[in-house]
Amino acid sequence: MHVNLESIRAYCLKKEGKIIEDFPFDEFVLVFKINGRIFILIMTDDHPLTVNLKCDPERAIELREQYAAVTPGYHMNKKHWNTVVLDGTIPPRDFYAMIDHSYELVAKRSKPSTRKKIDKKKSK
């Protein structure tokens, strides 16, 4: 699976819960939210494409050590967010796992009804 803006959009929009796609900052930063909380920011005018993803602090450090394309979150809380440059050095499966991790971190802090739906889906 090739990673590009359209594949990321499609992947995010398939997530459980009320997913909103928006440009709240300017016409270049696309965000996806679960129940009003951002789980991914995509800098659409960057080449290669760059995204910010929420991450558990320990896992964030591990990913930064594993991949040169993963750095502390640009314009974000650097303890809880990573910036990922999609330069082809991260396997698509690993990148989509980073999206899943970000989504799960944000969704579990969302409304209880959303958490139940996500927990049910994971247990299947």
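Quick notes
- Number of the exception - K108 against (1) surrounded by 14 or more Cβ atoms within 10 Å (Cβ to Cβ); (2) under 25 Å from I19 (Cα atoms); (3) charged (D, E, K, R): (1)
- Applying the criterion of being free of Cβ contacts under 8 Å to residues at least 60 places away in the same chain and farther than 19 Å from A10 by Cβ to the residues of the stretch 37-47, the residue that is surrounded by the most Cβ atoms within 10 Å (Cβ to Cβ) is D46.
- Sub-7 Å Cβ pairs linking a first residue in the stretch 1-30 that is of a type in the set (G, A, S) to a second residue that is surrounded by fewer than 15 Cβ atoms within 10 Å (Cβ to Cβ) and outside any loop (DSSP other than H, G, I, E, B), at least 6 apart or interchain, are G17/K117, ordered by first then second residue.
- Residues in the stretch 24-54 that are over 12 Å from L5 (Cβ atoms) and either assigned to a loop (DSSP other than H, G, I, E, B) or more than 15 Å from the chain's Cα centre (by Cα) (or both): 6 in all.
- For the stretch 76-92, the candidate set comprises residues that are exposed (fewer than 14 other Cβ atoms within 10 Å of the Cβ) and free of Cβ contacts under 8 Å to residues at least 12 places away in the same chain; within that set, the residue that is farthest from I8 (Cα to Cα) is N77.
- Among residues of the stretch 55-73, those that are more than 10 Å from the chain's Cα centre (by Cα) and part of a loop (DSSP other than H, G, I, E, B), counted: 5
- Residues satisfying the stated conditions in the stretch 51-75, i.e. closer than 20 Å to F32 by Cβ, surrounded by fewer than 19 Cβ atoms within 10 Å (Cβ to Cβ) and without any contact (Cβ under 8 Å) to a residue 40 or more places away in the chain: Y74, H75
- So G17, is it within 20 Å of H2 (Cβ to Cβ) and either at pLDDT 95 or above or not basic (K, R) (or both): no
- Only one of E21, E6 that is assigned to a helix (DSSP H, G or I), of a type in the set (D, E) and surrounded by fewer than 15 Cβ atoms within 10 Å (Cβ to Cβ): E6
The values are calculated or read from the model by the stated rules, or taken from the named source; none is laboratory data. What you are looking at is a predicted structure, and each value in this text was computed from that prediction instead of being measured. Cβ: placed from backbone, ideal geometry, glycine included. Neighbour counts: every protein chain shown.
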